[in-house]
Amino acid sequence: MTVIALKPYDFPPKDAVEKFPAPLVYVGWEDHLMFPAPFCLPLPPDMPFGALAAQVLPGIYGYHPDFAKIDWSRVQWFKSGRPWTPDPAKSLAENGVGHKDLIRFRTPGLEGIGGSRS
């Protein structure tokens with residue numbers, strides 16, 4: 001159901017990027033419901049996108065048995081629900097990732113423990 005504001009908002013948002021140590025980025029792993037919601041991470045905008053997969057995601061998802069099997073060259077990325085091809089050498093900002101964006105990734109052939117999506 002669509003909601004329409006009757007009056008314009010005339011106050012600053014409480015979750016503006018300036019209120020955080022770094023822009024917040026949501027990251028979720030498709031077909032792995034052991035993690036039922038995306039993680040919200042404060043990530044510096046100048047961090048290379050490749051560092052997200054190599055340095056950040058192992059600390060979050062690394063204990064799942066499928067994580068070690070990921071072929072990163074086959075990963076399908078989505079930004080705000082749309083297919084997306086990030087450049088691993090460019091920064092998050094250069095890839096168009098901003099405050100409160102949602103990034104999801106799908107790992108073809110890996111669908112949770114025993115294919116259970118968990």
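The values are calculated or read from the model by the stated rules, or taken from the named source; none is laboratory data. Since the structure is predicted, the reported quantities are computational estimates derived from the model, not experimental observations. Backbone-built Cβ (ideal geometry, glycine too); neighbour counts: all protein chains shown.
Going by the conditions given, is Asp31 farther than 21 Å from Gly112 by Cα, touching a residue at least 40 places away in the same chain (Cβ under 8 Å), of a type outside the set (Val, Ile, Thr) and in a loop (DSSP other than H, G, I, E, B)? Here the answer is no, as Asp31 does not meet what is asked.
Taken as a whole, the structure leaves Phe39 outside the set of residues that are modelled with pLDDT of 95 or more, of a type in the set (Phe, Trp, Tyr) and touching a Ser or Thr at 6+ places or on another chain (Cβ under 8 Å). Being among the hydrophobic types (A, V, I, L, M, F, W, C), in contact with a helix residue (DSSP H, G or I) (Cβ under 7 Å, 6 or more places away or on another chain) and modelled with pLDDT of 90 or more is the requirement here; does Phe78 meet it? Against the criterion (among the hydrophobic types (A, V, I, L, M, F, W, C), in contact with a helix residue (DSSP H, G or I) (Cβ under 7 Å, 6 or more places away or on another chain) and modelled with pLDDT of 90 or more), Phe78 does not qualify.
Residues that are closer than 26 Å to Pro23 by Cα and surrounded by fewer than 16 Cβ atoms within 10 Å (Cβ to Cβ) within segment 52-70 comprise Ala54, Gln55, Pro58, Gly59, Ile60, Gly62, Tyr63, listed in sequence order.
Restricting attention to segment 2-16, does a residue exist that is of a type in the set (Val, Ile, Thr), closer than 20 Å to Arg106 by Cβ, exposed (fewer than 12 other Cβ atoms within 10 Å of the Cβ) and without any contact (Cβ under 8 Å) to a residue 24 or more places away in the chain? Looking through segment 2-16, none of the residues is of a type in the set (Val, Ile, Thr), closer than 20 Å to Arg106 by Cβ, exposed (fewer than 12 other Cβ atoms within 10 Å of the Cβ) and without any contact (Cβ under 8 Å) to a residue 24 or more places away in the chain.
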